[in-house]
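Read through the structure below, which is laid out as structure tokens, and then see the notes.
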Amino acid sequence: MPFVTKLTLESGDRRGLDDVVDRIKEEAARKGVEFKGPHPDPPDELAVPQSARLVADSDHFSSWRYTVYRRSIEIVGHDEFARSVAERDFPDGVYVSAEIEQRSQLG
């Protein structure tokens, strides 16, 4: 029964995120690893209210708005490769989470 490692990568820098995912994909292709993705999710548009004021009778600052981009990839089998990808140092601003699932084969 193969293990499937699903990595979810998130960043506010879409170009940087895509560069990281492309490098992982190229490395997987060179090593013959079964690789699925990247699967892009719709970007999340977030807003953080800011309540600080410069003077007592002024309005609040406008909300800080930013976008979070997300890509998910799956590595089927190849546990050592999946571990090496999940444990590597990613650029600042790129966040990674990993899920591991054991799938049974049909037949």
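Values as computed for the structure displayed
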{"quantity": "Selection from region 90-107 of residues that are assigned to a loop (DSSP other than H, G, I, E, B) and surrounded by 10 or more Cβ atoms within 10 Å (Cβ to Cβ)", "calculated": "F90, P91, G93, R103"}
{"quantity": "Pair list, Cβ under 6 Å, 6 or more apart: region 82-104 residue in contact (Cβ under 8 Å) with a residue 60 or more places away in the chain, other residue surrounded by fewer than 11 Cβ atoms within 10 Å (Cβ to Cβ) and assigned to a loop (DSSP other than H, G, I, E, B)", "calculated": "Q102/M1; S104/M1"}
{"quantity": "Any hit, region 11-18, residues being at pLDDT 95 or above, of a type outside the set (A, V, I, L, M, F, W, C) and part of a loop (DSSP other than H, G, I, E, B)", "calculated": "yes"}
{"quantity": "In region 73-89, the residues that are in a helix (DSSP H, G or I) and either over 13 Å from the mean Cα position of the chain (by Cα) or closer than 16 Å to A29 by Cβ (or both)", "calculated": "D79, E80, F81, A82, R83, S84, V85, E87"}
{"quantity": "Residues that are under 17 Å from the mean Cα position of the chain (by Cα), small (G, A, S) and within 14 Å of V85 (Cα to Cα), drawn from region 1-54", "calculated": "A28"}
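The values are calculated or read from the model by the stated rules, or taken from the named source; none is laboratory data. Just so it is clear, the model here is predicted, and its values are computed rather than measured. Glycine gets a Cβ as well: all are built from the backbone with ideal geometry, and neighbour counts include every protein chain shown.
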